[in-house]
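The structure appears below as structure tokens.
Where a number appears in this text, it was derived from the coordinates with a stated rule and is not lab data. Given the structure is predicted, the values throughout are model-derived calculations rather than measurements. Here the Cβ positions follow ideal geometry from the backbone for every residue, glycine too, while neighbour counts run over all protein chains shown.
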């Protein structure tokens with residue numbers, strides 16, 4: 001009997017210890033890591049859900065206009081449901097006389113600072129910070145993209161990823177992508193942690209090769225900054241008119257020759273003067289128009305150079321007047337002849 005009692009007592013003791021340990025471990029582990037560094041033993045801090053699954057350099061940094069929630073464990077009088085970050089980047093907290101800088105900090109960094117300030121009022125304060133509304137980091141994508149629009153960043157984003165969110169470039173896109181960046185100081189000193197290649201791109205206008213950006217090159221896909229406007233201009237164009245299947249404009253994304261442009265327009269129609277095609281080109285210096293004669297027959301036989309088109313060129317594909325006259329006459333006379341009565345001449 002005594003043996004059974006002692007075994008039951010030991011089992012109950014282990015059960016109590018195990019249940020207590022299961023409650024304590026989550027509280028400890030919640031504040032164990034702060035931005036990838038071991039925490040100070042006297043502080044417990046926490047950030048928004050999933051913040052530790054994002055690389056520290058990509059974590060969202062709080063900015064002016066954001067609405068944040070601050071929770072001090074077991075101290076509801078110190079917690080705040082909705083704190084708006086002022087334009088100065090500061091917030092106010094109970095019992096703390098001076099304003100607290102919130103702008104340009106991650107949730108974890110701000111929680112750690114607040115916990116440090118409450119050490120004189122509370123032993124081992126546990127502070128959690130969550131961003132409830134993201135208002136401080138707007139960017140826009142305009143121009144030749146499939147889904148232009150405005151976006152609110154919740155973390156650091158590279159240019160290529162932002163273009164992907166806008167649906168990618170459309171068929172009218174040219175070969176450049178521009179970032180219009182507002183002048184003045186950067187919103188966050190944390191930008192200094194970006195790569196040196198990003199730093200060399202400072203300025204009011206950053207122009208990059210679109211193909212390099214789409215290939216994901218780091219130098220051609222910098223981190224976008226709050227307030228940036230990304231623009232993909234439409235490609236410069238040439239025009240094909242005259243006796244072709246579909247007179248149209250041709251985007252000059254790559255090298256386009258006169259025969260290639262005519263092929264893009266569906267090819268020539270019957271009665272075309274293949275040796276009398278012309279390119280009407282306006283000189284950028286003199287603003288005068290010049291004409292360049294093109295012989296498609298010679299180009300097809302590789303006896304002449306296939307002229308490269310320049311922005312603004314007009315390719316005029318003419319018809320043969322005599323052939324057109326004969327074809328028009330035949331189309332008018334043929335129905336009448338077909339409907340005439342048939343008489344036999346003996």
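The table below gives the values:
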quantity	calculated
Computed label-point distance, nm, for sites residue 276 and residue 140 using a 7 Å Cα→Cβ extension	5.1
Spin-label pair residue 99/residue 132, simplified geometry with 7 Å Cα→Cβ offset, distance in nm	2.1
Cut-off 15 Å (backbone N to label point 7 Å along Cα→Cβ of residue 212), residues of region 136-165	159-160
Additional length obtainable on full extension of the chain from residue 88 to residue 298, 0.36 nm per residue less Cα span	68.5 nm
Gain on full stretching of the segment that runs from residue 161 to residue 77 - 0.36 nm per residue minus C-alpha separation	26.0 nm
Region 56-133-region 275-295 distance, computed between alpha-carbon centres (Å)	67
